[in-house]
Amino acid sequence: ILISFGFIAFFLDKQLEGHSLQDLKNSIITQAQLIESQLVPESLKKENIASLESLVNGLSLKTKTRITIIDNQGKVLADSQKPLPEIFGMENHANRPEVKIALSGLTGNNIRYSATLKINMLYVALPIMGKEGVAGVLRLALPTDHVQKIMSSIRKTIILNTIFALGLAIVLVYVLIASITRPLN
């Protein structure tokens, strides 16, 4: 019983975690598409950083995500988690997996540790299309700790239910064995 519950708990845990992360990705992609529709590709070429910074800060508060706008060379133009003076010192993002995919014209996503924020993050990057192709990248990021908290709660519930079921099974087996052995004794 313990082994079967262990297998069930393991596979249930993996399935729920996968579905939770997929739902989170879909939600962030939808938010990114709405934000991308508000961006003018020409503002990236002019590097109108003040208006981009204002836009990402305002939208970040509403979406509860970290928003980064990157030009087609990988240079960060605006970031909702970094003040303007620090943005100029940020490293080039062209080699980040999700940004590489977005620079090729597709939607990229990745889960990895953020050295800047020191936590695991889910990143989604969309290309900002201009007249000549990809003008830049809009990247949204969200900590995965929300999914981890939900999974932790589910794991506790599964463990408690497994312990309860195992205890109930032991009591039932004892009663069954006692009812069989009593006439034999």
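The values are calculated or read from the model by the stated rules, or taken from the named source; none is laboratory data. It should be emphasised that the depicted structure is a prediction, and the values quoted were computed from it without experimental measurement. No Cβ is skipped: glycine too gets one built from the backbone with ideal geometry, and neighbour counts run over all protein chains shown. Please note that ligands, DNA and RNA were not included when accessible areas were found on the heavy atoms of the full protein model with its side chains. Shrake-Rupley method; radii C 1.70, N 1.55, O 1.52, S 1.80 Å.
Using a Gaussian network model of the chain in which every pair of alpha carbons under 10 angstrom is joined by a spring, one finds that among Y174, Y113, Y123 the greatest mean-square fluctuation is at Y174. For the range 88-185, the alpha carbon positions stretch 90, 27, 16 Å along the principal axes, listed from largest to smallest.
Tell me, rounded to the nearest percent, the portion of alpha carbon pairs in the range 146-185 spaced more than 13 Å apart.
Across the range 146-185, Cα pairs with separations above 13 Å total 64 percent.
Partner aspartates and glutamates whose Cα lies under 17 Å from the Cα of K62, excluding those fewer than 8 positions away in the same chain, are identified as E36, E53, D79. Between the helical axis of 49-63 and the dominant principal axis of the chain, each derived from Cα atoms, what acute angle in degrees is found, rounded to the nearest 10? Around 20 degrees separate the two axes.
As a calculated quantity, the FRET efficiency between E42 and L117 at R0 = 35 Å, using C-beta atoms, amounts to about 0.70.
If you wrap the range 56-129 in the convex hull of its Cα atoms and look at it from every side, the mean projected area works out to 4.8 nm². Relative to the globular-protein estimate of 2.2 N^0.38 Å, the Cα radius of gyration of the range 22-66 stands at 1.25.
Taking all protein chains into account, the per residue accessible area for the chain stands at 60 Å² (1.4 Å probe). Across the accessible surface of the range 1-152, with the other protein chains kept in place and a 1.4 Å probe, carbon and sulfur atoms take up 59 percent.
Against the longest principal axis of the chain, how steep is helix 145-184, in degrees 0 to 90 to the nearest 10, with axes from Cα atoms? The answer is roughly 10 degrees. Listed by chain and number, the lysines placed with their C-alpha closer than 19 angstrom to that of K156 are K14; residues fewer than eight positions away on the same chain are left out. Using the alpha-carbon positions of the range 6-88, Rg (one decimal) and Dmax (whole number) come out as 17.3, 58 Å. Full extension of the chain between A50 and L12 yields a length gain of 8.9 nm, computed as 0.36 nm times the residue separation minus the alpha carbon distance. Projected over all directions and averaged, the alpha-carbon convex hull of the range 1-40 occupies 2.4 nm². Shape summary: the chain maps onto an equivalent ellipsoid whose semi-axes, from the alpha-carbon gyration tensor, are 52, 14, 12 Å in decreasing order. Taken about its Cα centre, the chain carries a charge dipole of roughly 460 debye when the Cβ of each Lys and Arg holds +1 and the Cβ of each Asp and Glu holds -1.
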